[in-house]
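The values are calculated or read from the model by the stated rules, or taken from the named source; none is laboratory data. Keep in mind the model is a prediction, meaning the values are calculated, not measured. Using ideal geometry, Cβ is built from the backbone for each residue, glycine included, and neighbour counts are taken over all protein chains shown. SASA here: full protein model, heavy atoms, side chains in, ligands and nucleic acids out. Shrake-Rupley method; radii C 1.70, N 1.55, O 1.52, S 1.80 Å.
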Amino acid sequence: MNNRLEEIRKKHGIKQEELARALEVSRQTIGSLENGRYNPSILLAFKIARYFELNIEEIFIYEEEEKE
Amino acid sequence: MKKIHTAYLLAAVGLGLLAIGVYFIKTGDDLQGLLAALPYLSVGLGCVIFGHGMGEIVLQHASSRAPEAAKDLEIEKKDERNIAIANRAKAKAYDMMIFLISALLFAVAIMGIDLMLLLLFAFTYFFVIMYTTYYRYKFYKEM
């Protein structure tokens, strides 16, 4: 799953620390989300979407894996 | 507030157990068998409970003096990624433990050790497997 979190966060002029504090997660979690190393729970995805007043699909992009 | 009262109570109970243990070690010369081990057990338990209580007291005092740091600590503890990491590490350790216990069980069985000890190992292994099965069934029903 890809996401536009870093792009959206930077557009809002928010630091990782500030976003982490607002969402009550660690800064490392925000970093991992932005790098695509960690996929959030549905609850955290909703919290992020609500924080930026966007739909989940506008932030997280689900790409179906191609079957071999 | 309730947490700090419990911590003070734990520290007091721990200190009490420690004092009782030390008293019986110094005075109880004629204790035999299991009774002779009780004072040492009391000292050990007392130390653990006292340490736990004191740790909680220090943590509560530090939290009240630095609420920002306490909030950060709380966030780190509840962070879903940290919890996921801890759970994955525990799952890996469980797989390794199951493998190691079965290997150990096999090794001690062919070494011909005391049957009671062998049964104790086997029961521990069986208990762990049953515990896993119980929680698997419980979570299956819940989710």
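Worth a mention:
- Anisotropy class assigned to the range B:34-105 is oblate, per the alpha carbon gyration tensor with a/c at or over the 1.5 cut-off and a/b no larger than b/c.
- Residues along the range A:4-26 losing 10 Å² or more of accessible surface when the other protein chains are present rather than the chain by itself (probe 1.4 Å): A:R21, A:E24, A:V25, A:S26
- Accessible area, probe 1.4 Å, largest first, for residues A:L54, B:L120: B:L120, A:L54
- Part-to-part distance (alpha-carbon centres) for the range B:99-143 and the range A:28-68, which is given in Å: 40 Å
- Partners of B:K3 within straight-line reach, counting aspartates and glutamates whose Cα lies under 16 Å from its Cα and excluding those fewer than 8 residues away in the same chain: B:E56, B:E74.
- For the residue pairs A:K47/B:K2; A:K11/B:K71; A:K10/A:K47; A:K47/B:K78; B:K77/B:K138, alpha carbon separations beyond 23 Å are given by A:K47/B:K2; A:K11/B:K71; B:K77/B:K138.
- Residue-normalised accessible area of the range B:1-79, expressed per residue, 1.4 Å probe, Å²: 73 Å²
- B:Y40-B:L117 FRET efficiency (beta carbon distance; Förster radius 25 Å; 0.05 resolution): 0.65
- At R0 = 25 Å, FRET efficiency that the Cβ-Cβ distance of B:A84 and A:K10 yields, to 0.05: 0.45
- Sulfur and carbon atoms: percent of accessible area, chain B [1.4 Å]: 73 percent
- Estimated inter-spin distance, A:M1 and B:Y8, nm [label 7 Å along Cα→Cβ]: 4.7 nm
- Whole-number D in µm² s⁻¹ for chain B, Kirkwood Cα-pair radius fed into Stokes-Einstein, 20 °C, 1.002 mPa s: 108 µm²/s
- Among the protein heavy atoms of the range A:2-61, carbon and sulfur supply 47% of the accessible surface, probe 1.4 Å, non-protein parts ignored.
- Computed from label points 7 Å out along Cα-Cβ, the spacing between B:Q32 and B:L59 is 4.5 nm.
- Prolate/oblate/rounded call for the protein assembly as shown, Cα gyration tensor, a/c under 1.5 rounded: oblate
- Simple Cβ-charge dipole of the range B:1-79, Lys/Arg +1 and Asp/Glu -1, about Cα centre, in debye nearest 20: 220 debye
- Association of chains B and A removes close to 900 square angstrom of accessible area from solvent, both sides included, for a probe radius of 1.4 Å.
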